[in-house]
Amino acid sequence: KNEVEQSPQNLTAQEGEFITINCSYSVGISALHWLQQHPGGGIVSLFMLSSGKKKHGRLIATINIQEKHSSLHITASHPRDSAVYICAVRVGAQKLVFGQGTRLTINP
Amino acid sequence: KAGVTQTPRYLIKTRGQQVTLSCSPISGHRSVSWYQQTPGQGLQFLFEYFSETQRNKGNFPGRFSGRQFSNSRSEMNVSTLELGDSALYLCASSLVGSGNTEAFFGQGTRLTVV
């Protein structure tokens, strides 16, 4: 079993829909990151969380440390949100362990 | 403020050769981590350097090595390349690379081994 599990693996939605991507982990962590990767490879860090909730524009990330679970929400989704979203947890101070990613496609 | 810069962006090498990839972190960042991304294994941690010292290493063979210079720039080297080493290699920099410090990623170097 992977230390970080994301669901769903693939998600297709219509423009404007509310999107939720889930991440569960089984190890002790010091922080959790949500990352976005567009075709071509570059990764952008969206959020870093150690507790609670963060919001940036249409993106919201939450984490429940007791349940070892985090969610990334996208409100009013847009085709430009189409990308792979990756959950990563910081384990043992310096090491990031990654989920397999969620491929999101938003159709106009 | 310039972001994390990786060079080269693309590279084609032959089996058995060796390759060196470079990562220049954001100015002031002292931690550089390296990751390998393949379709089958996803993103995996290679190693992390802080102030020229390797602090942590992932589960990769000794053919994968790295170093960090006094200006925090880092290089990773892969010797005796194998077809399975074809991957996107990403580096990330952060201020101190621990706890709640945010990581900033480069665009990656796409290595193809033929």
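Tell me which trypsin sites (Lys or Arg not before Pro) from the stretch B:16-114 have a DSSP coil assignment and no more than 13 other beta carbons within 10 Å of their own. Please report the intermediate quantities before stating the final value.
Working: sites: B:30, B:55, B:57, B:63, B:67, B:73, B:110; in loops: B:30, B:63, B:73.
The qualifying sites are B:63.
Hey, rough spin-label estimate for residue B:14 and residue A:107, points 7 angstrom out along Cα→Cβ, what's it come to in nanometres?
4.8 nm
Assuming R0 = 35 Å, can you tell me the calculated FRET efficiency for the pair residue A:64 and residue B:83, based on Cβ-Cβ distance, to the nearest 0.05? The partial results should precede the final answer.
Values: r = 42 Å, r/R0 = 1.20.
According to the calculation, E is roughly 0.25.
Please work out the ratio of the alpha-carbon Rg of chain B to 2.2 N^0.38 Å and round it to two decimals. Write out the running numbers ahead of the final one.
On the way: Rg = 13.3 Å, N = 114, 2.2 N^0.38 = 13.3 Å.
In units of the 2.2 N^0.38 Å rule of thumb, it is 1.00.
Given Cα positions, please report Rg to Rh for the stretch A:15-108, the hydrodynamic radius being the Kirkwood one. Write out the running numbers ahead of the final one.
Values: Rg = 13.0 Å, Rh = 13.5 Å.
Using only Cα positions, Rg/Rh for the stretch A:15-108 is 0.96.
Hey, in the GNM for chain A with a 10 angstrom Cα cutoff, which one of A:54, A:95, A:68 fluctuates hardest?
Taking springs between Cα atoms under 10 Å, the residue moving most is A:95.
Which net charge results when you count Lys and Arg as +1 and Asp and Glu as -1 among the other residues whose beta-carbon is under 11 Å from that of residue B:82?
Details: positive: B:13, B:15, B:63; negative: B:85.
That sum, taken over residues with Cβ under 11 Å, equals +2.
Under a Cβ-Cβ cut-off of 11 Å, what is the net charge of the residues other than residue A:32 that fall near it, where Lys and Arg count +1 and Asp and Glu count -1? Mind showing how you got there, number by number?
Working: positive: A:54, A:68, A:90; negative: none.
Value of the local net charge: +3.
Out of B:105, B:41, B:58, whose Cα points farthest toward the positive end of the dipole of chain B (charges: +1 Lys, Arg; -1 Asp, Glu; placed on Cβ)?
B:105
If the viscosity is 0.692 mPa s and the temperature 37 °C, what Stokes-Einstein diffusion coefficient in µm²/s follows for the protein assembly as shown when Rh is the Kirkwood radius over Cα pairs? Mind showing how you got there, number by number?
Numbers: Rh = 17.8 Å.
Here the translational diffusion coefficient equals 184 µm²/s.
How much net charge surrounds residue A:77 when only the other residues with a Cβ under 10 Å from the Cβ of residue A:77 are counted, with Lys and Arg +1 and Asp and Glu -1? All intermediate terms of the calculation are to be shown ahead of the outcome.
On the way: positive: A:58, A:80; negative: A:15, A:17, A:81.
Net local charge, residue A:77 excluded: -1.
Bear in mind that the values in this text are calculations on the coordinates, not laboratory data. This structure is a prediction, so every number in the text was calculated from the model and none was measured. Glycine gets a Cβ as well: all are built from the backbone with ideal geometry, and neighbour counts include every protein chain shown.
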